[in-house]
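Single-structure report; data block below.
Just so it is clear, none of the values below were taken in a lab; they were calculated from the coordinates. Predicted model only: the values in this text are computed from it and were never measured. Backbone-built Cβ (ideal geometry, glycine too); neighbour counts: all protein chains shown.
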Amino acid sequence: MSRSHIKRLVMPRSWPLPRKSSIWVQKPNPGGHNIENCMPLALILRDVLGVAHTRREAKRILHSRQVMVDGRIETDDGRGVGLMDVLTVGDNSYRCVLDTNGKLRYRPISSEDASSKVCRVMGKTTISGGRTQLHLHDGRNILMDDASAYSTGDSVVLALPEQTISAHHKFAEGSLSYLTGGSHIGETATIRGHDVKRSSKANEVQFDDFLTIADYVFVIGSSADIPGAES
């Protein structure tokens, strides 16, 4: 049986919460994001956004059907809201990003920005019938007849709440990227080169002043995609 709580002392470093205020902290339900890159809804409403004082109040807000994740009503207080997700509470919308300290932040965005989200292509597989399935960083899978234009490491822009692809950003030299790990986490930088390793070592991406591994590179269309990002 999986536990719904973890001890605060061992909670992910990315969570912007004090470690010693109490013993336990709620854990997100299993979902598309790993635990490092998301927080449960009740915790966000209570401890991050401050719209609820207790978990019971947070549940009441959720059951009033005024909270949406990626344009769809969400009532599960354990639902993990993670990297690049759009959280809407009443008339206010927020995007989940990582700051330069590696902490998850839920930054205010306009209703126009809340109508789309950027997702990284983690891989693709061919399924029965010859169709191709794109695997995105938030756990989504998108079926398409011809996915030859998309490669692992590219990003797609999803229209919300329809979840259809409205734009495509290629992982290529000159593309703008958002860094989700390493010593430059939370910054944006332009890709200058890509070094594919023919071994078990991680592929490297070159920027103007530094290198990082390809897994940390999240291609975006412009810095406006990341509210409050630093370049």
Checklist outcome for this item: Going fewest to most other Cβ atoms within 10 Å around each Cβ, Lys124, Lys170 line up as Lys170, Lys124
Item to check | Flagged links, alpha-carbon separation over 28 Å, of Lys7/Lys59; Lys7/Lys117; Lys59/Lys103 | outcome: Lys7/Lys117
Next on the checklist: With the cut-off at 1.5 for a/c, could you classify the stretch 105-231 from its C-alpha gyration tensor as rounded, prolate or oblate?
Outcome noted: oblate
Item to check | Max mean-square fluctuation residue, GNM over the chain, Cα-Cα springs under 10 Å, options Leu87, Leu104, Leu160 | outcome: Leu160
Checklist outcome for this item: Length gained, Trp24-Ser148, 0.36 nm per residue minus C-alpha separation, equals 40.0 nm
Item to check | Most mobile listed residue (Pro161, Pro30, Pro40) in the chain, GNM with C-alpha springs under 10 Å | outcome: Pro30
Checklist entry - Taking only the alpha-carbon positions of the chain and ignoring solvent, what does the Debye formula give for the base-10 log of I(q)/I(0) at q = 0.10, 0.12, 0.15 Å⁻¹? => result -0.49, -0.70, -1.06
Checklist entry - How big is the stretch 1-96 by the Kirkwood estimate over distinct Cα pairs, in Å? => result 13.5 Å
Checklist entry - Arranged by the count of other C-beta atoms within 10 angstrom, fewest first, what order do Glu112, Glu74 take? => result Glu112, Glu74
Item to check | Computed [θ] at 222 nm, helices only, for the chain once each DSSP H run of length n ≥ 4 contributes -39500 (n - 2.57) | outcome: -1000 deg cm²/dmol
Checklist entry - Hey, how many Å between the Cα centroid of the stretch 83-154 and the Cα centroid of the stretch 25-81? => result 18 Å
Checklist entry - In the neighborhood of Asp77, defined by Cβ-to-Cβ distances under 14 Å, what is the net charge if each Lys or Arg adds +1 and each Asp or Glu adds -1? => result +4
Checklist entry - Taking Rh as the Kirkwood radius, which is the inverse of the mean 1/r over Cα pairs, what is the Rg/Rh value for the stretch 115-169? => result 0.94
Checklist entry - Considering the chain as a Gaussian network with a 10 Å cut-off on Cα pairs, which listed residue, Ser110, Ser93, Ser14, attains the greatest mean-square fluctuation? => result Ser110
Checklist entry - FRET efficiency for Arg3 and His63, Cβ-Cβ distance as r, R0 = 25 Å, nearest 0.05? => result 0.60
Checklist entry - Arranged by the count of other C-beta atoms within 10 angstrom, fewest first, what order do Ser151, Ser128 take? => result Ser128, Ser151
